[in-house]
Amino acid sequence: MKMYGDPGKRLLEIPEQVYPILPQPWWKSTLNAMQNNRLYVFVLVILIGTGIAIAFINRDTAHQQNDIITDNQGWIILKSLGWNTKYAADDQNTYNDGIQQYQSMNNKKSQLHENVNHMKYHHPPTSDDSQKLSQRFHPVNNHRRSRALSQNSNSITTTENNLSYQTTTQTSTSTTSKIATTSGMNTTTNGVEINLTLYIDTIYPYGKSNKAIISANYSFPGPPIEAYEGDILVIRVINQLDVPTTMHWHGLYQTTTPDMDGAVGITQCAIPPKNEMIYKFKAEPAGTAWYHGHLLERYTDGLYGPLIIHQRNEPNQDKYDSEQVLMVADWYNLQAHTQLLPWYLNPNNTDGNEPSPDAIVVNGKFTEALTISVSNSARIRFRIINTAAFSMYTVSIDGLPLHIIELDQVDTLPYTVNSFNINVAQRVSFYIDLSELSLEYTASGNLSTSAIYIRFQAMLSMYPVDILNYIPPYEQQRYPYPTFFNPLYLAILSFNGTNSTPSYTASSTTPALQNTVTPIDTNILAARPFYQNTTGIPNATYYLSLVIAFYTSANGINYAYLNNVTYSSDANYMSMTPAPTQGITSDEYAPLLYQMVTKSNNLGIPSPRIEPGSSLPTIQSDGYGHYLVPYEAIVDIYLNNTDTGEHPFHLHGHKFWIIATSDYPSAEFLYAGNYIQRDTVSVPALGWAKIRYVANKPGAWLFHCHIEWHMSAGLALAFITSPQQLLAEGYTISSDEQKLCQALQKFNKKQNSK
Ligand SMILES: [Cu+2]
């Protein structure tokens, strides 16, 4: 794909095999079929006719220039990528299903262009809007804050980027001038505004399973979004589902835009069907981020995609020539929210067993269906994103050392490993150099091969059952793809440019490599930050100890608890405990962030106080999972895990230092003053993790286990950071945000009266 406004220059190499671009694969399949059966000529004629008709309909509503498609309002629609055709072409019924799906999808798409014009909240940002947003961003405040921060932390913040809101190019509604605007990124170091559209709708790429995938722009996974650090992303999320949804931008700071975080119930109301929300935020920090639905279990059913933020000078740029994103995830044959969750949170599920995944997918493809074709001297940066609902994986490539250079949007010095673990929501970048390939894996070596396996090995210790010999009680049907879970996923790296497959059989264990290590821990604490911190990290000023536990509640359901509180949110349809009657409450139509404004003096959360166990004041909660954090508090959090599973905890809007874990306690002393920062920490089973973060952003920030099932079981809390500072910075609830809540209320009322 091409970078917007930078035609011809490929920043991110995504081979067609990984993200086949429709409709070419269908034509190919049809042509192949034609050779076998003349009946298909008839089908082809119908298809071409339909295609011409659709093209004609689209002619006036969609403008196409090179790779960039815009709608009739000038919004960029990212191309549909990532469609899987392998299984659809495998048998006749599935193939025919697929053609029908594709046709109805195209019809739907052409209708969309008309529908959006009549939407209540449809409006591309006008120059007036940009001005209003600039005022709300308070660049002067940022300037002060980032200077203050740079003295006591190793956050990499440049003041010139914070000021870029003032220089943001005004958006125009004309298509031609929009493209001209984005091309400005070549000539200026200030961020530019990138306007994108994501249609959220269901697709059925695997015909026989009847599994509806929630897609962004009719793509699974969603299309890659790319920007340079400091750019302003303006992303219009249009909900074409028949249920509400939101979008969370995982790993983004959201400095001065706490309302753009996408966490339903925390920072916004859900977007009801046939409504939209325009997210506007700065692309920072640089690195591998991702976007995903943040309501119910939407992302388990496919709603996720990569969000890559480049730097104009990448620290390890001289080590690689091209890039490749790999999103690894659990595949479930059944719908997450309507079918799996009712089974999971149920008195009959006494052990609280999580639903077992049916397969592993990488970039939407099943094992051995994904081939990456390169030259035999390629140097590639892989960006691995674990987008699974449940599983963690060990990643390796046969015969190649992996040089890790990024963890969760933090650049590291190259750290060479044989393999590494990645837990849910974590990201790891590494580069490979094919000139380092072990001799036996080359064409002239023992194996005489010109392709090798990229391996994702699911860690079996995560699963509560013997997953290899287990049929979940809710599985009633066999599907054309593996119903029995195969823990070893193989992608193919072909290095003679002909899509060849490996000439050898993959062993069940990672082949040993000389001169490499295997990291001690899942968080890879031994990797060293690229930007060495000479002044150390700030001392903690506050303390919080959190005990992770799972146990059966009075209603017989196995819930998750942080300090004996299972997080309950009406907005997320998690309503196990009675909501508080005063103070900050769970309100579907008034997210926590809005309540910080409307009742800032009446939140009902005590201030920090000294408690046994620490000389530092302990952060307090209201007993419902809302924790009040003073502005610029430096908080040490101890996570004590009483559960037998490893839990990936994610903090929205912030990075934190990982000081040590029970898997690597000596890290605290070995790396004193220069700990690695991440935004997701894997807390070892029956172990602990110690992290530290600076509460430098007023707002409501979710802190939760990223295993989707555990989140639904209540393993979450919200940090309420300084309502006073939020007001002092001039934050107000916009009229669009209020309208969205009203629209949701209206939608729910209509649903309830049905
Ligand atoms: Cu968990």
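So, R0 is 56 Å and r is the distance between the beta-carbons of residue 368 and residue 750; what FRET efficiency does that work out to, to 0.05? E(calc), rounded to 0.05, equals 0.75. Counted residue by residue at 0.36 nm each, then reduced by the alpha carbon distance between them, the extension gain from residue 311 to residue 343 reaches 7.0 nm.
Comparing Cα centroids, the range 208-246 and the range 323-395 end up 17 angstrom apart. What separates the Cα centres of the range 695-711 and the range 584-645 is a distance of 12 Å.
Quick check: at a probe of 1.4 Å, how many percent of the accessible area of the range 542-746 sits on carbon and sulfur atoms? Don't skip to the end; give the middle numbers.
Values: 3500 of 6800 Å².
Roughly 51 percent, rounded to a whole number.
Computed FRET efficiency, Cβ-Cβ of residue 642 and residue 444, R0 56 Å: what is it to the nearest 0.05? List each step's numbers first, then the result.
On the way: r = 54 Å, r/R0 = 0.97.
The formula returns an efficiency of 0.55 here.
Hey, with R₀ at 22 Å, roughly what FRET efficiency would residue 460 and residue 552 work out to, going by the Cβ-Cβ distance, to 0.05? The value I calculate is 0.30. Summing +1 for each Lys or Arg and -1 for each Asp or Glu among the other residues whose beta-carbon sits under 14 angstrom from that of residue 314 gives -2.
With every protein chain left in place, what is the accessible area per residue of the range 587-646 in square angstrom, probe 1.4 Å?
Numbers: 2470 Å² over 60 residues.
Value for the range 587-646: 41 Å² per residue.
Can you list which of the trypsin sites (Lys or Arg not before Pro) found in the range 293-399 are DSSP loop residues with at most 11 other C-beta atoms within 10 Å? Sites meeting the loop and neighbour criteria: 312. In the complete set of protein chains, residue-level accessible area for residue 318 is approximately 100 Å², probe 1.4 angstrom. The range 298-318 and the range 424-443 have their alpha-carbon centroids 19 Å apart. Each peptide among 216-228, 665-677 gets the average number of other Cβ atoms lying within 10 Å of its residues, and from highest to lowest they stand as 216-228, 665-677. A full extension of the chain between residue 351 and residue 508 corresponds to an added length of 53.5 nm, given 0.36 nm per residue minus the alpha carbon distance. Under the combined filter of DSSP loop state and at most 14 neighbouring Cβ atoms within 10 Å, the range 688-742 retains none of its trypsin sites (Lys or Arg not before Pro). Normalised by the number of residues in the range 664-730, the mean separation of alpha-carbon contacts (under 8 Å, six or more apart) gives a relative contact order of 26 percent. The length gained on full extension between residue 488 and residue 614, counted as 0.36 nm times the residue separation minus their Cα-Cα distance, comes to 40.9 nm. Based on C-alpha pairs under 8 angstrom that are at least 6 apart in sequence, the range 317-494 has a relative contact order of 27 percent.
For residue 300, what is the net charge nearby, where nearby means another residue's Cβ is under 10 Å from its Cβ and Lys, Arg count +1, Asp, Glu -1?
Working: positive: 298; negative: 297, 301, 330, 708.
Here the charged neighbours net out to -3.
Would you please classify the overall shape of the range 542-746 from the alpha carbon gyration tensor, given that a ≥ b ≥ c denote the square roots of the eigenvalues, rounded means a/c under 1.5, and beyond that prolate means a/b larger than b/c while oblate covers the rest? Note, shape of the range 542-746 comes out oblate. Computed over protein heavy atoms with a 1.4 Å probe, the carbon and sulfur contribution to the accessible area of the range 288-423 reaches 42%.
Around residue 248, with a cut-off of 13 angstrom between Cβ atoms, what is the net charge of the other residues, counting Lys and Arg +1 and Asp and Glu -1?
-3
The values are calculated or read from the model by the stated rules, or taken from the named source; none is laboratory data. All values derive from a computational prediction rather than experimental measurement. Counting neighbours? That spans all protein chains shown, and the Cβs are built from the backbone with ideal geometry, glycine included. Note: accessible area is taken over every heavy atom of the protein model, side chains too, but ligands, DNA and RNA are not part of it. Shrake-Rupley method; radii C 1.70, N 1.55, O 1.52, S 1.80 Å.
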